[in-house]
Amino acid sequence: MRLLPGALGVLLLLTLLTWLLVRGIDTNASGYAATLQALDDFALAEASLQRDALQARAGMLRNYDPLVHDLEAMEDAVNRLRFLAQTEGLDVGPTARLAATVAQQEELTERFKSSNALLQNSQTYVGLLSTSPAFGTQDTQISPTTGALAAAILYLTRDTSPDAVKALQERIDQFAAQAPTVGPDAEAARAMLAHAQLLHDLLPAVDDTLKALIAVSRGQPLEEIRAQFVNRRTSVEATAQRFRLLLYLVSLLLLVMLVHFGLRLRARALALRRRAAFEHVIAENSTRLINCPPAETDARLKQVLSELCRAIGVERAYVVLDEKPTRVHAWSTDGKPYPPGWPNQALALSERLGTAAPDIVTVPDVAALPPGAAKDMLIAAGVRGWACVPLIRLGRVRGIMGFDAFQPAWDKVFPLPVVRLAGDAVANAIEREFLERDRARLSTRLERARRMQVVGSLASGIAHNFNNIIAAILGYSEMVEPQLTPGTKPAQHVDEIRRAAERGRDLIDNILTFGRRRDARVRPLQVRTQFEEAAALLRASLHPSIELIIEDVAVDVAVSGEPAQIQQVILNLCTNAAQAMQGGGFIRVTAEQKEVLDFLPTSHGVLTPGSYVCLGVADTGCGFDERVAQRLFEPFYTTRSAGTGLGLATVREIVRDHDGAMNVQSRPGHGSRFEAWLPAAPADNTTGVGSAVLPLGRGETVLVVESEREQLLCDEEMLAALGYEPVGFAHPTDAIAACRSTPDRFDILLVSYASQTHGGLDLAHALRGIAPRQPMLLAAASTIDVSIDALAEAGISEVLRRPLASTELAEALARCLRSPGTLRL
């Protein structure tokens, strides 16, 4: 189908040339020659007619057939002229008038033939009689009269003027007077008189007919016919000449087109050759990018950009990636630095000059752009020709690949499909770099998870025993707190004991989750508040020779994290710093918000671009060397005989879970500085410290199931202190039987299984079937291995962490009584 327009064009061109050639041929030449021949034949025939008529008049022609032939030739010439006029589409009026003259000549010729025949007979007879001996010998008196009559007749033959006619009449009368009337010669005399009188009448009439024949007006029609054919001939020749000229011009145009097509074919061949070379460069560099390790992507990209520049014929090439901050891979022929802000601005410029769908943008001549910010931006960058290719992967524009020319780039080789392939190759290489980076990060996390699995297994085994101890401390401190006067020293000490127990409970929860990946309950936290809480705990436990210095932190400095875990990071780092100082010193705690513009490697991780809060803990301890720094965050690795090796490992685990990184600076004998880089968060709605009035119960009955007797008694005392009537059961069967006997007796069901969460869910299923309208709470040390769907299916309204805290328990009971049936974790 592609060849059809070309074939039609060639066919039309051949048709045009053939038509011009045919119209340029002198097709009228033969007709014009025939016309001239017919005109000549007519003139010749007419001249022959007049000649023969004169000869016949003179008596030199006795046979009238030549006159007939002459007339026929004239008629034939007229017929031919009429046919040619009709053929040429000319006016046949002149030909008809010429035919009329021929008809008139034919009539006169017939009259001439009849009269001339009588005339010639009479002349012959008169000649015979005038020389007859009868008129000369017998009557000598009539002999002169006869001679005079003959002479007058002869003279009239040459001159038919009126005088000659009168003279002849006088001789006839004279002869008639002297001619014998009787006798043998009377008859001859009468014959002589009759013929003489006939000649007297015929000679003028014949001459008049002959004169009329010769004087017939055929010149004007003949000239009109000749003029018609001459004009026709001139018109045909002019038309043919114009068509020959047009044919010549078309031939010249065809020659020019052939030369043009030849040059275009040559240019096309050169373009194909350059494109083939360009495709070779693309294929070679695509192979390089495919086999490129992620660590060598930058160097390979610069090599690819340099070869693309040489292949296209431009001066600069670059790749701008849409990241925060913007990442650029650039190359230039002269090696000079790019203008300020360029090529970072090229990414926004491509969106401004591009269409709705991302596609290649080409600007062969920047001067041709309409006035505006885009034109000013390109001119400021020293660019006169510009093109950019979007780098698209997985339906998203990852960046652009741009090319700068210092001169207008109308003649540059820039095949869009091939350049698009180059852009795809670069986009694939960048995508592989991203994927490799993610893979390395996931591999690191997986390896860390495998190492932490052992720690998690060990921690889970001992967490239950610690939970019981913390539960007792927390429960009794909360029960004794209302009995003390607020603001007194004992009340403050008990408050610190309670807070320490809560931190211990949170620590137990972290130990249970140590080595396991889970989503933390992240929310914005004021760093100042976290420092104040940590300072209150640390000052009570630090040696008096160690000074704790907490620098002032702005109110708007906040991190995004889980309060207990962030507090644990601060406490562990400060505790580690205190343990590194044997002879006293000071611990300086700082916090500073910083912007990371590019990938920032730290001693133990890499920070991605973004906003971070750097929590720093510096000490004046003994420090450590590089060997210790490399193993510092390994679980169970410690340099102290009394150490556990879990403090810093927990810190690193928490910081990594919050998408942060650790940075350590230390030298033996010069102290250490630990930095925890955590993602920053807006300070609005940050969590601080505050006290609220506990919501107390109004004697509602709470069914409590706890397998351990001591813990059951502690839970019952806590519920009684909160204004509820607890009914405790150590065995699930007893709880089920009591609930089945009087289902409406209990207002709330509290299932507390310290070590067997799944057993608590089974009991919750059974109780749910008996009392489906009562809200149910589950108290467990950890619910990591239990899905939300399983909790909802068991009818759990809220989940509380073991050991129970009176504040959380009171709030949970109040919520369940207000809006039962909503699962809260």
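The values are calculated or read from the model by the stated rules, or taken from the named source; none is laboratory data. Being a predicted model, the structure only gives us computed values, none of them experimental. Positions of Cβ are generated from backbone atoms using ideal geometry, with glycine treated the same way; all protein chains shown enter the neighbour counts. Areas reflect the complete protein model, heavy atoms only, side chains present, ligands, DNA and RNA absent. Shrake-Rupley method; radii C 1.70, N 1.55, O 1.52, S 1.80 Å.
Listed values for segment 271-280 are Karplus-derived 3J(HN,Hα) couplings in whole Hz (6.51 cos²θ - 1.76 cosθ + 1.60, θ = phi - 60°), namely 5, 5, 5, 5, 5, 4, 5, 5, 5, 4, and x replaces Gly and Pro.
Ordering Val613, Ile654, Leu597 by Cα displacement along the dipole of segment 578-671 toward the positive end leaves Ile654 in first place; charges were set at the Cβ atoms of Lys, Arg (+1) and Asp, Glu (-1).
Near Arg588: Cβ cut-off under 10 Å, other residues only, Lys/Arg at +1 and Asp/Glu at -1. The net charge is -2. Overall form of segment 152-221: prolate. Here a/c, set by the Cα gyration tensor axes a ≥ b ≥ c, is 1.5 or more, and a/b is the larger of a/b and b/c. Rounded to whole numbers, the Karplus 3J(HN,Hα) couplings from phi for segment 234-239 are 4, 4, 5, 5, 5, 4 Hz, using 6.51 cos²θ - 1.76 cosθ + 1.60 with θ = phi - 60°, and x at Gly and Pro. Between the amide H of Ile546 and those of Gly585, distances stay under 5 Å, these residues lying 5 or more places away or on another chain, with hydrogens modeled in the peptide plane. Residue by residue, segment 144-156 carries 3J(HN,Hα) couplings of x, 5, 5, x, 5, 5, 5, 5, 5, 5, 5, 5, 5 Hz when phi is fed to the Karplus relation 6.51 cos²θ - 1.76 cosθ + 1.60 (θ = phi - 60°); x denotes Gly or Pro.
Note on surface exposure: Glu717, Glu592, Glu315 rank Glu592, Glu717, Glu315 by accessible area, highest first, 1.4 Å probe.
For Asp404, the residues whose modelled amide H falls within less than 5 Å of its own, excluding neighbours fewer than 5 places apart on the same chain, are Glu315, Arg316, Ala317. Measuring with a 1.4 angstrom probe and ignoring ligands and nucleic acids, Phe112 comes out at about 0 Å² accessible. Once the Cα-Cα distance is subtracted from the 0.36 nm per residue extended length, the Glu710 to Leu128 segment shows a gain of 190.0 nm. Close amide-amide hydrogen proximity is noted between Gly728 and Val704, each under 5 Å apart and 5 or more residues distant or on a separate chain (H modeled in the peptide plane; Pro and chain starts excluded).
Excluding Ala676 itself, calculate the net charge of residues whose Cβ lies under 13 Å from the Cβ of Ala676, where each Lys or Arg counts +1 and each Asp or Glu counts -1.
-1
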